Amino acid sequence: MTSPRIYLSPPHLGSDELRLVHEAFASNWIAPQGPHVDAFEREFAEATGVPHAAALSSCTAALHLALQRLGVGRGHEVLCSTLTFVASANPIVYQGATPVFVDSDASWNMDPALLASELDRAARRGRLPRAVVLVHLYGQCADLDPILDACERHGVPLVEDAAEALGARYRGRSPGTSGRFGAFSFNGNKIITTSGGGMLVSADGKEIERVRFLASQARDPAPYYEHSTPGFNYRMSNVLAAIGRGQLRVLAARVAARRRNFALYADALGSVPGLRLMPEAPYGRASRWLSVVEVDPAEFGATAEDVRRHLEAGNIEARRVWKPMHLQPLFARARRVGGAVAERLFRQGLCLPSGSALTEAEHTRIVETLLATPRRRVRRTGRGMPLPSRGHGRRPVPASLRG
């Protein structure tokens, strides 16, 4: 009999969300706009500590409107994290601009020193980028302060892609709230979900008001349909906002559950040679949206892809770390700043099941399956360097995860 499937990051909904959706149906507010949209924007702004928020159809839409409002267009360059999902970079292309991809540091996020050096070089050339798109990866904040300093020194606006980092903290503040704009995702696999949707936040109320206008097909105030500028169909529906309001109320609990997932993985796998879990940067508190492990094949005796396939054979979903943007065929001609760190993380990184409803029994099954991956035995040389040898290795599951 096949074991039930364990998914990477499934939605986790409760009764509050259903009650609020019933309210939306009862009021007949179904289409975009409505009282739940207004309330979700207010409550989200309060939860993240930023004055203004616009509820949109996706985080991609939020990034697109942010770049549009910053005047990004043809002939411009935009610096962007290379270790990310393609949705961080696609809006740059939508605007006709050229992305330049920046490598990661030890936090797995954009390297502040590389960014500062690139901005300095661009200033000397007299060709500064139009904007910087900074991604907060897998629930961990990038090192914001030096990145902000570099951007402000050169007058380059910062857009924060916080799609994966709601509930994290950087020196006590929420990601997405320090740059000119911040974008969040409520996709079905995120830490809270509206099934699909996003939010754009800013300290500038006039900009957010303009974003709401553009996201509603840029309809001018008139007793008929009149349009003087191109707009977009990017607003969130009242039904999805109702789900978001219920989800926002349990954000702290969802973060706690994800961090517990990571702690269990760290306890079970942290001492296994060749396995290294994504570190938590000292300047913040990660939400651990996904628990991610690096698999060093020279030490562990198997690759990240070997492990993923073995988990899949056990009906357990895992995914490789994002393929860096500078390695994507879509951006084959794009310029990059560094890249070796992101390339290593892509080769060796594996995202493990991290849903907030994951049980300890499921954790045990995941760890047992992972550690049972067929692998070459590793023997040590006199200098302590690992060498592969024939055979299969298996480590026992730690007591904390045994039934």
In whole Hz and in residue order, list the ³J(HN,Hα) couplings for the range 267-276 that follow from phi through the Karplus curve 6.51 cos²θ - 1.76 cosθ + 1.60, θ = phi - 60°; x for Gly and Pro. 5, 7, 10, x, 9, 7, x, x, 10, 9
Could you list Phe232, Phe40, Phe101 so that the one with the fewest beta carbons within 10 Å of its beta carbon is first and the one with the most is last? Phe232, Phe101, Phe40
So, in Å, what gap is there between the alpha-carbon centers of the range 316-367 and the range 88-116? 17
³J(HN,Hα) across the range 118-128 via Karplus (A = 6.51, B = -1.76, C = 1.60, θ = phi - 60°), whole Hz, x for Gly/Pro? 5, 5, 4, 4, 4, 5, 5, 7, x, 9, 6
Taking the chain as the reference, fit the longest principal axis to its C-alpha atoms, fit the long axis of helix 205-215 to the helix C-alpha atoms, and give the angle between the two in degrees, 0 to 90, nearest 10. 90
Taking the Cα centre of the chain as the origin and placing charges on Cβ (Lys, Arg +1; Asp, Glu -1), which of Thr229, Ser27, Leu370 is farthest toward the positive end of the dipole? Leu370
Compute the angle between helix 15-27 and the longest alpha-carbon principal axis of the chain, please, reported from 0 to 90 degrees and rounded to the nearest 10. 20
Using Cβ contacts closer than 10 Å as the measure, can you line up His64, His363 from fewest to most? His363, His64
How far, in nm, would the chain grow between Ala266 and Leu330 when pulled straight, counting 0.36 nm per residue and subtracting the alpha carbon separation? 19.5 nm
Cα-based Rg/(2.2 N^0.38 Å) for the range 15-250, rounded to two decimals, is 1.01
Of Pro91, Val102, Phe184, which is farthest towards the positive pole of the chain's charge dipole, taken about the Cα centre with +1 and -1 on the beta-carbons of Lys, Arg and Asp, Glu respectively? Val102
Whole-Hz ³J(HN,Hα) for each residue in the range 343-358, computed from phi via Karplus 6.51 cos²θ - 1.76 cosθ + 1.60 with θ = phi - 60°, x for glycine and proline: what do you get? 5, 5, 5, 5, 5, 10, x, 9, 8, 9, x, 9, x, 6, 9, 4
Asp111's amide H: which non-local residues (gap 5+, or another chain) put their own amide H closer than 5 Å, with H modeled 1.01 Å from N in plane and none for Pro or chain starts? Asp103, Ser104, Asp105
Measure nothing but the geometry: give the 0 to 90° angle between the long axis through the Cα atoms of 360-371 and the longest principal axis through the Cα atoms of the chain, rounded to 10°. 60
For the range 1-146, size of Cβ-based charge dipole, Lys and Arg +1, Asp and Glu -1, in debye: 660
Distance from the range 248-269 to the range 153-197 (C-alpha centre basis), Å: 19
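Computed from the coordinates by the stated procedures, all read-outs in this text should not be read as laboratory data. Keep in mind it's a predicted model, so treat the numbers as computed, not measured. Note that we place each Cβ from the backbone using ideal geometry, even for glycine, and neighbour counts take in every protein chain shown.
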